[in-house]
1. Among the residues of the stretch 69-89, is any closer than 22 Å to residue 178 by Cα and either out of contact with any helix residue (DSSP H, G or I) (no Cβ under 6 Å at 6 or more places or on another chain) or outside the structural domain of residue 177 (by TED's automatic domain parsing) (or both)?
2. Could you check the stretch 1-96 for strands (runs of 3 or more DSSP E) lying wholly inside it with 2 or more residues that are surrounded by 16 or more Cβ atoms within 10 Å (Cβ to Cβ)?
3. So which residues in the stretch 323-360 are assigned to a helix (DSSP H, G or I) and free of Cβ contacts under 8 Å to residues at least 12 places away in the same chain?
4. Across the stretch 414-434, which residue is nearest to the chain's Cα centre (by Cα) among those that are surrounded by 13 or more Cβ atoms within 10 Å (Cβ to Cβ) and within 19 Å of residue 95 (Cβ to Cβ)?
5. Would you check which residues across the stretch 285-301 are within 13 Å of the ligand (Cβ to nearest atom) and either within 21 Å of residue 234 (Cβ to Cβ) or surrounded by fewer than 22 Cβ atoms within 10 Å (Cβ to Cβ) (or both) and list them?
6. Show the residue pairs meeting these rules: Cβ distance below 6 Å; 6+ apart or different chains; first residue within the stretch 267-284 and more than 20 Å from residue 295 (Cα to Cα) and free of Cβ contacts under 8 Å to residues at least 40 places away in the same chain; second residue in a loop (DSSP other than H, G, I, E, B) and near the ligand (Cβ under 10 Å from one of its atoms).
7. Just give me the residues in the stretch 394-410 being surrounded by fewer than 19 Cβ atoms within 10 Å (Cβ to Cβ) and in contact with a helix residue (DSSP H, G or I) (Cβ under 8 Å, 6 or more places away or on another chain), in sequence order.
8. Could you say whether any residue in the stretch 158-172 is within 30 Å of residue 386 (Cα to Cα) and touching a strand residue (DSSP E or B) at 6+ places or on another chain (Cβ under 8 Å)?
Ligand code: NI
């Protein structure tokens, strides 16, 4: 059985800073990478069905968007430049209340389209009507870790647990293993300890991880201190949440003790610099977390608070934000930022042995970037060019799970025009604006 051979590309494996192979080749068989190396390194007897000649291309692992709410693309640029609670209560929540199942499907399709076109090959999502999200993920060919957002106070507390149980049994491992499922307690201020204990017990029973928002705003820190006398991180530790695999979005407001807990309990953190800047939440102590050994990935958060899902831009923002906030130009250097956007995200999602770097035996989640562009010359430093100069429109070809999902900037799994028509019509219905 043949596979795909990528030939002549400059390969950035993202294993180590200097692992750059000029004119290299990557052999792919089925879902897997079977070799990564210089010209002529493909295994003897490997006969590809497809050869991708890529002399002016960079080959890299695809980006891992470690925290988003996919269908919030429908709310993109609907409400901006507002304080968080006013934004949520007056704009976002009323519109979300009108979302129907099919809206979620098309909003997620728009998200998948945008992510594939900008080189993202895997993402972590938390939202509702998750069967529709899973359908869109399965169809688009992307890899995703999905969780239904659960609110522990109010009428849907129990039904969210029941739904999640069913959702795990229906979707966990589907799409050739591309789809994984977690439980998604929304946040400590919407899920009190008694409810979290139910979530923890279900998670243990189903053997799946947790996706939660933690320590996003100062208000949350003050609120938790008032209610429980401790930080959100210590509260989660005390209820036993961190005994499970946890993906924690944001982690903006942390003290040294919190960081120590995150490192010790191997909590995966999703850092969302643009959303944190736009909502004026603060600056996450990324450099300190990395120094302490915390696994940190990068996420865009939902498109309503970003307003795009562009991981190249997110990576650049992350690096620049650490530098300016610490007044240290050495903070978060380019390779560390690139690691966060790829291997770090894979680690935070529990996919470290599957994706995030280019290595024999891992799933073939690979992007080719066209470097015959002015901003890629001269070529002093490939990694600095990717992190500080590249544009998402440079992403030329995207391979996910061994399948070519985009080639020559044409997405092969999604009808783009149909997505745009559906999204426009639905956005008009939601807002009542013609
Ligand atoms: Ni979020």
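1. yes
2. Strands (runs of 3 or more DSSP E) meeting the threshold: 4-12, 20-29, 32-37, 57-61, 63-68.
3. Within the stretch 323-360, 323, 324 meet the criteria.
4. Step by step, filter the stretch 414-434, then rank; the result is 423.
5. Matches in the stretch 285-301: none.
6. Hits for this filter: zero, empty list.
7. Within the stretch 394-410, just 409 meets the criteria.
8. no
The values are calculated or read from the model by the stated rules, or taken from the named source; none is laboratory data. Note that the structure is a prediction, hence the values are computed from the model and not measured. In this analysis, Cβ positions are derived from the backbone assuming ideal geometry, glycine residues included, and neighbour counts consider all displayed protein chains.
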